[in-house]
Amino acid sequence: MQTPKIFESEYRFCLILWENEPVSSRVLSDLCKEKLGWSKTTTYTVIKRLSDRGVVKNENTIVTSLVSKDEAQKAEIDELVEKKFEGSLPAFIAAFAKSKKLSQEDIDEIRRIIDK
């Protein structure tokens, strides 16, 4: 099953949800007001939209995620590699490595991941 698309503002909402779930929609609304400056109506609209797309579940006013942070990040990277690098993971990694100074620790961690 393909991970549903999560747009940027929705992702910021999901970060709050992942950190606090399971959480009541009222508490989630308060958190979104504090951290994102959203009104209650905006938060409830996003909950409904993400619920309709299968990203979250809102059952008896308790909101939980159906898509994990790892799944959302993987889907975003997959889309980026496909769209911008014609599906070539080596081209993506080369572009990333050229644009960011990697520490020896970063390099060692990347090697460990590849060796797995």
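No value in this document is a laboratory result; all are computed from the given coordinates. If you're wondering where the values come from, they're calculated on a predicted model, not measured in any experiment.
Observations on the model:
- All alpha carbon pair distances within the chain were sorted into 10 Å bins beginning at 0; the resulting P(r) in whole percents reads 12, 35, 25, 21, 6.
- Among the listed pairs LYS5/LYS101; LYS33/LYS74; LYS69/LYS100; LYS33/LYS84, those with a Cα-Cα distance over 32 Å are LYS33/LYS84.
- The chain, helix-only ellipticity at 222 nm - DSSP H runs n ≥ 4, -39,500 (n - 2.57), divided by all residues, nearest 500: -21000 deg cm²/dmol
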